[in-house]
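A.B. asks: Structure provided below as structure tokens; questions to follow.
No lab work stands behind these numbers, since they all come straight from the coordinates. As the structure is a prediction and not an experimental result, all values here were calculated from the model. Counting neighbours? That spans all protein chains shown, and the Cβs are built from the backbone with ideal geometry, glycine included.
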Amino acid sequence: MDEHRSKGQTQFEFRHRRRDGSIRDVEVFSNNIDVPDRNLNYVIINDITVKKLLEAQAAIRISLHEKADSHSVEELLRLLLDEIENVIGSSAGFCFSVARDRSSFQFQVLSTSATEARNEKTCGDEHYPLNKYTVWAGALRERSVAIRNGTDSPQQVDGTTGEHSGLKSELVVPIIRGGRIDGVLGIGNKDSDYTGEDARWVQSVADQAWDIIEKKIAQDEFHKLQEQLHHTQKMELVGQLASGIAHEINNPLNFIQINFTTQQGYIAELLSLFNDLRNAVKECINEAGLEKSGIQNMLQKEVELQFDSIVDEMSAIFVDSQKGIDRIRKIVEGMLSLSYRHSPDELVLSDLNRAILDTLNVARGEYRSCADISTNLATLPPVPCVIDQINQVLLNLMVNSAHAIQSQQRTSKGKISIRTWSDRRSVFCSVADDGPGIPEGIREHVFNPFFTTKKAGKGTGLGLSISYDIIVNRHKGEFSVHCPQEGGAVFTFSLPLGIKTKVLEYPYEYFI
């Protein structure tokens, strides 16, 4: 103060810690008073905490607006939590969404500081029962801000929240839109107690920020629907092309197969007759003592020509040729499957877990030498589906995982993990492997027809596109791929439980 007194009129701001540990923003204005023979100075101190909070609120809103187009929802939420933490003086921030079953929270995102403390960014599949987190549940039940300070009784959170998450204190705000509670947003571990002023500010910031977040979510959903529509349109065009090509290939292929099979049978009969004649001639030569005759010379030429080797090689050629024909036929069948839109199939309530176990048995030859299988199959309700088509999807995912692991040429086995779970609306299945994963630059193309990451001759590029068609178009489910930072790939699909007895009709049909 002596320094400012010597300067005459002065004005400055600083953060003041009160006796109870709380922080206030204050503005100090001071000036000298001219009094004969005396050196007087007056000081005016204003509490400008509310002003600073309003400025911070406006800055957060502007920042979210500016970054909404270039950042994901998760990144915007983390930015929001970081800013709220900084203003209120906390060291933890979290955002939970209410799961579809309305009886549990689902982890959505943590603040940067909480992420570093937890050593992970998101826990999207983790669910936390409402009855174990009474502060959060109370905020939802009362539809108002809930506060637990360090001086409060631990029983207030049922002995769970503080111990489980390391929160010594917390302020939780419900996110309410249109009378519906979407989730909670909260901060924790403030050095001093949370106050009503903190609660009002966080609630106001959360409400304004959620308008931006909701708009971003809606935009993302719109883009997702656009991509699905674009993919469906591509599938329609490719289907038309595939149908025509398949017919053009299939007709001559049938002639080749018939003639090849007939030729193979004729040659087998001729070789059998030749062997019988050769054995009979050898017996006649031996009995007549004609070893040095011209016939014997012909038999010698047979040895020189390595006739037996030629016969063996012809057999191998037939086997390889048949494999080639079979491969062409599989490609044609895949193209026909891609293009075919039959009348709606009757959906049957089926056991997805049973389908997984059955498909594992079928695919055993693909994975048993390269990967160990682990399953985590939850108790599922029967799901309406065309189970043969779902088996086709499961088989494709399992074989793809096995091939991905094989491509690494490991000395030890890889791992394929299959998991199922459900909520009130859908059942879910994920197939994960610890293979090389899919580069981010091509990840968005994996469901495109004829796109493959396998070596030439190893894949047709139709498996995943057909699987996508089965799940998304025929069963009205969802299909996605995720590649964890630690490597590998996770394919997840869902099937709706509320779909009617028949698959919805297509807006177009292909007649074959």
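A.B. asks: Would you mind checking which residues have amide H under 5 Å from VAL109's amide H? H placed 1.01 Å from N; only 5 or more apart, or other chain.
C.D. replies: CYS95
A.B. asks: Students often check this: by mean Cβ neighbours within 10 Å, which of 355-362, 204-211 ranks highest, and how do the rest follow?
C.D. replies: Result, highest mean Cβ count within 10 Å first: 204-211, 355-362.
A.B. asks: Here is a further query. Can you work out the FRET efficiency for the pair THR195 and SER70, with r the C-beta to C-beta distance and R0 = 35 Å, to the nearest 0.05?
C.D. replies: Once the sixth-power term is evaluated, E becomes 0.50.
A.B. asks: Can you tell me the order of 75-82, 194-201 when each peptide is scored by its average per-residue count of other Cβ atoms within 10 angstrom, highest first?
C.D. replies: 75-82, 194-201
A.B. asks: Something else about it: Debye sum, Cα scatterers, segment 343-496, no solvent: what log₁₀ I/I(0) at q = 0.09, 0.15, 0.20 1/Å?
C.D. replies: Calculated log10 I(q)/I(0) at the listed q: -0.27, -0.77, -1.37.
A.B. asks: Rounded to the nearest 0.05, what FRET efficiency do LYS476 and PHE29 have when you use their Cβ-Cβ distance and R0 = 56 Å?
C.D. replies: 0.25
A.B. asks: Which of the peptides 42-53, 429-440 is most tightly packed, and how do the rest follow, judged by the mean count of other Cβ atoms within 10 Å per residue?
C.D. replies: 429-440, 42-53
A.B. asks: Roughly speaking, what is the stretch gain from GLU248 to ASP220, that is 0.36 nm per residue apart minus the C-alpha to C-alpha distance, in nm to one decimal?
C.D. replies: So the extension gain works out to 5.9 nm.
A.B. asks: Once R0 is set to 51 Å, what does the formula 1/(1 + (r/R0)^6) return for the Cβ-Cβ distance between ARG354 and VAL311, expressed as a FRET efficiency to the nearest 0.05?
C.D. replies: 0.60
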